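The values are calculated or read from the model by the stated rules, or taken from the named source; none is laboratory data. Bear in mind the structure is a predicted one, so any value in this text is a computation, not a measurement. For neighbour counting, all protein chains shown are included, and Cβ atoms are generated from backbone atoms with ideal geometry for every residue, glycine included. Surface accessibility is based on the protein's heavy atoms, side chains included, excluding ligands, DNA and RNA. Shrake-Rupley method; radii C 1.70, N 1.55, O 1.52, S 1.80 Å.
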Amino acid sequence: MGPNGDQTLRKPATAPVEHFPMPASHSALLGQMLLEAGQIGQDDLDKALAFQREYGGRLGSILVRMGALAEAELLAALSLQLGLPVMGSNELPRTTQAYLQAIELSRLGAEWWTDQEAAPWEGIDGTVLCIARDPLSPALAEIVEQAFQPHSVQWCLALNQDLDRVIDQIRNAYLAQRVKPGDDIAHLREMAEEAPVIELVSNTLAQAFNDGASDVHVEPGERAFKIRYRIDGVLETRLTLPRERYDAVASRIKLVAGIDIAERRLPQDGRFSVRLSGEEIDVRVSSVPGVWGESIVLRLLPKERQEARLDSLGMAADTLNLYRRQVAEPHGVILVTGPTGSGKSTTLYATLEEINDGQQKIITVEDPVEYNVSGVAQIQVQSEIGYTFARALRAVLRQDPDTIMIGEIRDLETSQIAVQAALTGHQVFSTLHTNDALGAFTRLIDMGMEPFLVASSVRLAVAQRLLRRLCPDCAVPWQPPAEVAEQAAELSRRFPGLGADSPKWRKSVGCRACRGTGYRGRTAIYELVIVTPEIHEAILGRAGSRELLDIASRQGFRSLREDAVIKASGGVTSFEEVVRVTGIGEAPP
């Protein structure tokens with residue numbers, strides 16, 4: 001039951017693990033509650049109960065460690081079952097002084113409170129509120145209630161990460177500064193195996209996955225470190241913790257990722273798999289040394305993903321038709337360009353899903369293989385043993401492929417093999433890091449490719465970016481400036497039927513459903529350049545980007561910004577988001 005007597009099974013923003021022991025009957029009740037609420041399946045409950053009978057432990061903790069239940073859902077069930085209020089991060093005292101005053105009132109001493117992993121503070125009505133790792137311990141309750149007489153004591157549930165933060169605040173205020181472990185590797189391993197550290201890392205991953213984050217950033221500073229989630233392409237700070245805890249957290253992440261915890265001077269990469277909310281997730285870990293410690297980024301990749309479809313990515317109807325006609329051709333190079341995180345791989349995977357009819361041999365060469373595609377032979381590049389893109393491609397060409405997907409063209413050798421494969425009758429898809437579609441041609445030439453090879457092999461260049469979608473629950477109508485409305489009107493004349501001819505401008509507001517951001521989910525914007533005879537001749541003549549743009553514009557080219565403005569005028573996204581992704585913009589060509 002929450003503080004307001006709400007008995008609904010609600011899902012808090014973040015969640016702790018179950019901290020306290022309960023009788024078997026309570027465990028059975030908890031399992032039944034979770035089952036009836038649809039939070040777990042019968043098979044998971046049976047496995048957890050069997051494990052509990054054999055090895056003991058708390059049912060909720062077992063379910064969480066099995067990956068069958070998110071800790072957010074466990075907290076909601078425990079609050080309902082036990083009738084204890086849940087203290088969110090914003091409901092806890094903001095200053096350490098509030099805890100210190102209550103500790104002084106108790107006369108128990110700060111060391112006793114930190115040893116018990118508990119923290120008190122005084123509420124506005126004189127009631128003493130307490131959070132603890134084990135809030136139902138009879139011995140702890142008896143001592144605390146006697147210490148605070150005649151004040152009444154209210155025990156509360158709190159997130160482990162919040163409890164850890166509060167205990168650190170109390171410890172740092174009263175106890176001597178902890179000695180940094182330095183190069184004591186044994187000590188680092190010991191800290192990484194401590195239960196609070198394990199729970200913090202597990203909670204962080206579970207909450208990131210539940211919130212739809214693609215990456216988790218752990219960033220140390222001089223006095224604190226931050227944990228940030230990248231959600232819909234934008235970083236959001238979720239936790240700020242004392243710097244003293246960073247070494248233990250970093251060591252835990254590196255340990256499970258198979259990274260050398262003793263090496264903190266060089267970049268390292270690792271990976272591990274984890275089960276979150278019933279799904280198997282691959283986690284890729286990258287650590288880079290910085291001034292205040294290693295910056296660690298964890299990328300979350302579900303092993304099972306919803307099948308990507310070209311018509312669900314955000315391509316406008318005319319763009320989708322052009323793209324489908326080009327990918328239906330049996331040979332030639334199709335390049336998808338854009339910066340890291342712009343959705344290039346998703347577009348290529350969706351393309352492979354569409355053309356994979358079981359009648360042709362499709363092979364991919366990737367670094368790394370992000371998702372498994374049924375019916376496609378996928379090859380993982382391993383540069384550390386000399387198995388590069390170029391070497392893998394040479395082997396692939398001896399496998400009688402019809403279609404080849406290259407994860408990325410990074411050098412001249414790879415581009416040469418890709419072009420030769422296209423010229424000998426193969427269909428080749430790949431990605432390239434350029435700012436726009438027209439830049440793909442000049443980028444290949446700058447790598448050392450001859451212009452005639454580029455012009456003869458590349459059939460289509462695509463550039464893309466990702467825009468956040470407006471939250472449907474809180475977006476409100478918006479009146480654009482005159483110059484923006486005028487540009488949208490011009491686009492409606494050039495590209496009728498795409499939404500700009502019936503504008504529905506909206507802007508973001510923010511609500512609980514979108515966590516106050518004003519956006520939920522993302523869509524893609526695209527620009528396509530087909531190598532027509534005129535562009536073919538321009539590439540042969542080493543034409544610059546301006547000349548290529550003039551030719552493409554006469555043939556109906558639509559830029560990324562123009563595609564974004566059309567989506568904004570249709571109410572899909574906001575103009576503010578258009579500016580964030582595409583820049584201030586320029587006059588239409």
Checklist outcome for this item: Counting only protein heavy atoms and rolling a 1.4 Å probe, one gets per residue an accessible area for the range 30-109 in Å² of 47 Å²
Item to check | Close Lys-Lys pairs in the chain, where close means Cα under 30 Å and separation is 8 or more or interchain | outcome: 22
Item to check | Within the range 454-507, GluC sites (Glu not before Pro) in DSSP loop having at most 13 other beta-carbon neighbours inside 10 Å | outcome: none
Item to check | Partnerless cysteines, meaning none of the other Cys C-beta atoms lie under 4.7 Å away, in the chain | outcome: Cys130, Cys156
Next on the checklist: What is the percent carbon and sulfur in the accessible area of the range 381-526, measuring with a 1.4 Å probe over the protein chains and ignoring ligands?
Outcome noted: 46 percent
Next on the checklist: For Glu279, what residues show an amide H to amide H distance below 5 Å, using hydrogens built from the backbone and excluding near sequence neighbours?
Outcome noted: none
Checklist entry - When the Cα centres of the range 532-554 and the range 217-268 are compared, how far apart do they sit, in Å? => result 47 Å
Item to check | Span per principal axis, largest first, for the Cα atoms of the chain (Å) | outcome: 90, 58, 49
Checklist outcome for this item: In the chain, taking the dipole from +1 charges on Lys and Arg beta carbons and -1 charges on Asp and Glu beta carbons about the Cα centre, the listed residue (Ser492, Pro330, Thr114) farthest towards the positive end is Ser492
Checklist entry - Leu301 to Ser152: extension gain in nm, 0.36 nm per residue of separation minus the Cα-Cα distance? => result 48.8 nm
Item to check | Cα-derived Rg over Rh, computed across the range 106-261 with Rh taken as Kirkwood radius | outcome: 1.02
Checklist entry - Based on the Cβ-Cβ distance of Asp550 and Lys226, what FRET efficiency does E = 1/(1 + (r/R0)^6) give at R0 = 51 Å, to the nearest 0.05? => result 0.65
Next on the checklist: Rounded to the nearest 10 Å², what accessible area does Phe575 have for a 1.4 Å probe in the complete protein model?
Outcome noted: 30 Å²
Checklist entry - Given a cut-off of under 8 Å on Cα pairs at least six residues apart, what relative contact order in percent is computed for the range 354-410? => result 43 percent
Item to check | Apportionment of accessible area to carbon and sulfur, the range 194-339, percent (1.4 Å) | outcome: 49 percent
Checklist outcome for this item: Reduced to Cα centres, the span from the range 447-500 to the range 377-428 in Å works out to 31 Å
Checklist entry - Relative to the present Cα-Cα distance, how much length would full extension add between Lys361 and Ser383 at 0.36 nm per residue of separation? => result 5.4 nm
Checklist outcome for this item: Note: the range 437-481 at 25 °C, 0.890 mPa s; Kirkwood Rh on alpha carbon pairs; Stokes-Einstein D in µm²/s works out to 173 µm²/s
Checklist entry - Ratio of the range 414-464's C-alpha Rg to 2.2 N^0.38 Å, to two decimals? => result 1.04
Checklist entry - What ranking do 317-324, 388-395 get when scored by the average of other Cβ atoms within 10 Å per residue, highest first? => result 388-395, 317-324
Next on the checklist: As a test of reading the structure, rank Ser457, Ser89 by solvent-accessible area (1.4 Å probe, protein chains only), most first.
Outcome noted: Ser89, Ser457
Checklist entry - In Å, what is the Rg of the alpha-carbon atoms in the range 209-342, and how long is Dmax? => result 19.1, 59
Next on the checklist: Could you work out the relative contact order of the chain? I mean the mean sequence separation of Cα pairs under 8 Å and 6+ apart, divided by the number of residues, in percent.
Outcome noted: 9 percent
Item to check | Heavy atoms of Thr424: accessible area, 1.4 Å probe, square angstrom to 10 | outcome: 90 Å²
Checklist entry - Ranked from highest to lowest mean number of other Cβ atoms within 10 Å per residue, what is the order of the peptides 373-384, 289-300? => result 289-300, 373-384
Checklist outcome for this item: Rg from C-alpha atoms of the range 424-563, normalised by the globular rule of thumb 2.2 N^0.38 Å, equals 1.32
Item to check | Volume per residue that the Cα convex hull of the range 499-581 spans, once the total is divided by residue count, Å³ | outcome: 105 Å³
Next on the checklist: Over the range 267-405, with the other protein chains present, what is the accessible area per residue in square angstrom, probe 1.4 angstrom?
Outcome noted: 48 Å²
Checklist outcome for this item: Taking max minus min of the Cα coordinates of the range 387-443 on each principal axis, largest first, gives extents in Å of 34, 24, 15
